[in-house]
Amino acid sequence: MGLSAALRLIAVSGCLLLLCGSSWGNNATVPLVIWHGMGDSCCNPLSMGAIKKMVEEEVPGIYVLSLMIGKTVVQDTENGFFMDVNEQVSFVCDQLSQDPKLKGGYNAMGFSQGSQFLRAVAQRCPNPPMKNLISVGGQHQGVFGLPRCPGESSHICEWIRKMLNSGAYTDTVQKHLVQAQYWHDPLNDDLYKKHSLFLADINQERVVNETYKKNLMSLNKFVMVKFLQDTMVDPVDSEWFGFYKPGQDKELETLQESAIYTEDRLGLAEMDSAGKLVFLATDGDHLQFTREWFNDNLLPYLR
């Protein structure tokens, strides 16, 4: 298959390289909101800009909003490392509520960390309503490791590793390092539950917020994509809402085996029974997939 006949997405963290493809569309369109991953930005022509263009080609007439967190692309990229996640979510909620094109509802697609950030939007900000949430390599139970970072951001990630290892749950690190806010240490579960400013809250680790649960359950579909050869997300099972069993970092448990599911803190068990949870897998490293795979597996949830 030549490049003129197919598209290939090659990713390093949130950064994707887009090559070519085919198209098909539907007149009944729902707006799409996308949120990029770590080290990426809203408008990189090789990543989110290309995704936006591709979706617009595949679904003629669709309105696609690629979120910029800040006033410039540079700020957007930096904020993916250093801006408090809860402030980012509030920023996005305000932006979505003021966009008249979204008042009837929208679909959302997050890439890497943008996935769990959009889930927070779904749980905290029901207006305008999110219809489908598509998580592409998101880490819904967080991470306990940072094995690889996006190319030119490697020096930043070395510093991040040092901060996480020295004290991920200290006030300073939690407030100023995005990755610390979804750092999930199974060896220090009490510290995580008490001091995690973002993930422990949206995963109902401290208390059950019935509004969060109700809002998430209002989704039509919650689609989670897992990359079977992922070298960035540790553990990769977090992409399907799985994680290490408490108290150790060797043995894994699925979402269905976890307390968040068996106690149904977020309504995920009920959503699963209703057929609202969709688990997809693809070979390839973090955020690597073909346009054909995207069209066959994800595009139906955008139409």
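The values are calculated or read from the model by the stated rules, or taken from the named source; none is laboratory data. Here the structure is a predicted model, which is why all the values come from computation and not from measurement. FYI the Cβ positions are ideal-geometry reconstructions off the backbone, even for glycines, and counts take in every protein chain you see. Only protein heavy atoms, including side chains, enter the accessible area calculation; ligands, DNA and RNA are left aside. Shrake-Rupley method; radii C 1.70, N 1.55, O 1.52, S 1.80 Å.
Please tell me the relative contact order of the chain in percent, rounded to the nearest whole number, where contacts are Cα pairs under 8 Å and at least six residues apart.
Working: 640 pairs, mean separation 61.1, N = 303.
Taking the mean separation of contacting Cα pairs over the length of the chain, I get 20 percent.
How much solvent-accessible surface does Met232 expose, in Å² to the nearest 10, with a 1.4 Å probe and all protein chains in place?
For Met232, the solvent-accessible surface is approximately 10 Å².
Give me a comma-separated list of calculated 3J(HN,Hα) values for region 69-83, in order, Karplus coefficients 6.51, -1.76, 1.60 applied at θ = phi - 60°, integers in Hz, x for any Gly or Pro.
Values, residue by residue: 9, x, 9, 9, 5, 5, 4, 4, 5, 5, 5, x, 10, 10, 8 Hz.
Based on the mean of other beta carbon atoms within 10 Å per residue, what is the order of 278-284, 128-134, most packed first?
On the way: 278-284: 15.4, 128-134: 22.0.
Ranking the peptides 278-284, 128-134 by packing returns 128-134, 278-284.
Got a sec to turn the phi values of region 186-201 into Karplus ³J(HN,Hα) couplings, 6.51 cos²θ - 1.76 cosθ + 1.60 with θ = phi - 60°, whole Hz, x for Gly and Pro?
Per-residue couplings from phi come out as x, 7, 9, 4, 5, 4, 4, 5, 7, 10, 5, 6, 10, 4, 4, 6 Hz.
Given the rule -39500 (n - 2.57) for each run of at least 4 DSSP H residues, summed and divided by the residues of the chain, what is its mean residue ellipticity at 222 nm, to the nearest 500 deg cm²/dmol?
Working: 12 runs with 102 residues, N = 303.
Helix contribution divided over all residues of the chain: -9500 deg cm²/dmol.
Roll a 1.4 angstrom probe over the protein heavy atoms and tell me the percent of accessible area of region 158-247 that is carbon or sulfur. Numbers along the way, then the final one.
Details: 2050 of 3970 Å².
It is 52 percent, rounded to a whole number.
Hey, how many Å between the Cα centroid of region 244-303 and the Cα centroid of region 103-123?
After rounding, the separation between the Cα centres reads 15 Å.
Kindly flag which residue pairs out of Lys53/Lys101; Lys71/Lys194; Lys103/Lys214; Lys103/Lys175; Lys53/Lys213 have an alpha-carbon separation exceeding 22 Å in this structure. Walk me through the numbers before you get to the answer.
Working: Lys53/Lys101 18 Å; Lys71/Lys194 33 Å; Lys103/Lys214 20 Å; Lys103/Lys175 32 Å; Lys53/Lys213 34 Å.
Violating the 22 Å limit, Cα to Cα: Lys71/Lys194; Lys103/Lys175; Lys53/Lys213.
Can you give the accessible area per residue of the chain, in Å², using a 1.4 Å probe?
Working: 12430 Å² over 303 residues.
Spelled out: the 1.4 Å probe surface of the chain, per residue, equals 41 Å².
Roughly what % of DSSP beta bridges within the chain run antiparallel, to the nearest 5? Display every interim value, and only then the final one.
On the way: 8 of 32 bridges.
Within the chain, antiparallel bridges account for around 25 percent of the total.
Which of the following values of semi-axes √(5λ) of the Cα gyration tensor in Å was calculated from the structure shown: [x] 28, 22, 19; [y] 33, 24, 17; [z] 37, 20, 18?
Label of the calculated value: [x].
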